[in-house]
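Working notes for the structure below.
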Amino acid sequence: MPDPSAVENAFAVFADLREEGRELDSLVGELPAPDWAKPTPAPGWSLAHQIAHLHWTDRASLLALTDATAFAGLVEEALKAPDSFVDAGAEEGAALAPAELLARWREGRTALDGALAAASPDAKFPWYGPPMKAASMASARLMETWAHGQDVADALGVRRVPTARLRHVARIGVRARDYAYAVRGLPAPVGEFRVELAVPGAPGEVWTYGPEDAPQRVTGPALDFCLLVTQRAHRADLALTASGPDADRWLDIAQAFAGPAGPGRTPGASR
């Protein structure tokens, strides 16, 4: 029998993912069709590419939850073109008329929400990396939705109000510490870091990770940490402090997303 607290936590993540999608939808839902061609900070990607990528990944997540055989086919295709399959998926969707792309993205979000709710909370589902439970998959989708939503907001000149939903992004960023080293062929530091992040909209409250007495520490606003680990801003533009050489090095290479290390943003380029 599933742990009731685990089920409750999973449904809270699903609700946050729905809300993150609705917030991004509010930015693009009423845009004139020509505006979908606006460039975003991601080189070569327009607003349409950003939404198309989210739709493509939502669709892959839906297959992972509902049709393991079909998802395995997606993995085989990705292995044939590991350096281009993400861009190819975005290009395919961006070629659609904006109204059609918007409708498909909305339908995909609804279908994924239903599949997440129907999934057994203890089951693990295939992914491009290690298998994940439904709650972890929802957290990853929220992280991507927020990060690509930041690209959209930057392109439109909109400053979004950070919310407590950032806790999902922050948690992934902390847990992905060693991955950031591995993807660069570097040895991971020994021992955990202490990470203390100021909660948005809640003065005096912090999200904490790692041992309280850890000698290596990272502190600062949760928003800044999330912008850093999703590579939506350069470290020089953020109010993050590292104590200890290993923690300092981590802030130069941190990433919350799977795949090769990206080039990140240049100083002064964000927002």
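Readers should treat all values here as calculations from the given coordinates under stated rules, not as data from a laboratory. Computed from a predicted model, the values in this text were never measured in an experiment. In this analysis, Cβ positions are derived from the backbone assuming ideal geometry, glycine residues included, and neighbour counts consider all displayed protein chains.
Data table
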quantity: Binned Cα-Cα distances of the range 166-253, short to long, each 10 Å bin given as a whole percent; calculated: 18, 56, 25, 2
quantity: Calculated diffusion of the chain, Stokes-Einstein form, Kirkwood radius summed over Cα pairs, 25 °C and 0.890 mPa s, µm²/s; calculated: 127
quantity: In nm, spacing of pseudo-spin labels at ALA97 and LEU156 (7 Å Cα→C-beta vector); calculated: 2.2
quantity: Packing rank of 164-176, 255-267, 100-112, where each peptide gets the mean count of other beta carbons within 10 Å, highest leading; calculated: 164-176, 100-112, 255-267
quantity: For the range 69-144: rounded, prolate or oblate by the Cα gyration tensor [a/c cutoff 1.5]; calculated: oblate
quantity: Within straight-line cross-link reach of LYS133, aspartates and glutamates at Cα separation under 16 Å, skipping those fewer than 8 residues along the same chain; calculated: ASP3, GLU8, ASP58, ASP67, ASP113, ASP122
quantity: Average projected area [Cα convex hull, the range 4-156], square nanometres; calculated: 8.6
quantity: All lysines inside 20 Å of LYS38 as judged from Cα atoms, apart from same-chain residues fewer than 8 positions distant; calculated: none
quantity: Peptides ranked, highest mean first, by Cβ atoms within 10 Å: ranges 88-96, 223-231, 31-39; calculated: 223-231, 88-96, 31-39
quantity: Relative contact order computed over the range 125-199 (Cα-Cα under 8 Å; 6+ residues apart), in percent; calculated: 22
